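What follows is a set of notes on a single structure, which appears directly below.
The values are calculated or read from the model by the stated rules, or taken from the named source; none is laboratory data. Note that the structure is predicted; figures quoted are calculated from it, not measured. Positions of Cβ are generated from backbone atoms using ideal geometry, with glycine treated the same way; all protein chains shown enter the neighbour counts. Surface accessibility is based on the protein's heavy atoms, side chains included, excluding ligands, DNA and RNA. Shrake-Rupley method; radii C 1.70, N 1.55, O 1.52, S 1.80 Å.
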Amino acid sequence: MGNMMKFDYYYGIEAEQFSFYRVPRLLIKDERFKELSSDAKLLYGILLDRMSLSMKNGWHDRMSLSMKNGWFDDENRAYIHYTLDNIMEDLGCAKEKCVKVLAELDSKKGIGLIEKKRQGLGKPDIIYVKNFATLEVGGEPESQPESLSNTDV
């Protein structure tokens, strides 16, 4: 890193002016997620952030008369749209790496933290961001694994 940049200090309450992506501590500490790359963990944090925005926007729509609108499917599962181009831009990577990082999280090739559903006709995929704090045992979701406490999230 030969080109050192000169950054200013934070003064007063300036340090509180930024938004942050939150990567769940469990993804870093729990053995089940040790095989995930740092990029996949960061992307999952970004997906969680986008999902929370979708849920806020979609909840308002769900309260309207048209229950088909919003960011929820017919089973009331929250989803997001996040194109490869957007992910590439946000992560600062090429398409090949973007596809690889998504595959780490995907339910078909990876750990299963996301599930993609194709819409076709040039529409973006629907992405379901799955709950990292639940684990399916024999097909039944277990709401709180023993190793998880509220302080781990």
Would you mind finding the one in 145, 141 that is part of a strand (DSSP E or B), closer than 20 Å to residue 33 by Cα and either modelled with pLDDT under 95 or aromatic (Phe, Trp, Tyr) (or both)?
-> 141
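Yes/no per residue for (1) open to solvent by less than 70 Å² (accessible area, probe 1.4 Å); (2) within 21 Å of residue 107 (Cα to Cα):
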site	(1), (2)
3	no, no
6	no, no
9	no, no
13	no, no
17	no, no
22	no, no
26	yes, yes
31	no, yes
44	yes, yes
Selection from the stretch 11-30 of residues that are closer than 29 Å to residue 47 by Cβ, free of Cβ contacts under 8 Å to residues at least 12 places away in the same chain and in a loop (DSSP other than H, G, I, E, B) = 17, 18, 19, 20
Is there a residue being at pLDDT below 95, outside any helix (DSSP H, G or I), open to solvent by 80 Å² or more (accessible area, probe 1.4 Å) and of a type in the set (Ser, Thr, Tyr) anywhere in the stretch 56-64?
-> no
Which listed residue is closer than 17 Å to residue 79 by Cα and over 13 Å from the mean Cα position of the chain (by Cα), from 125, 106 | 125
Yes/no for residue 42 being modelled with pLDDT of 95 or more and under 17 Å from residue 126 (Cα atoms) = no
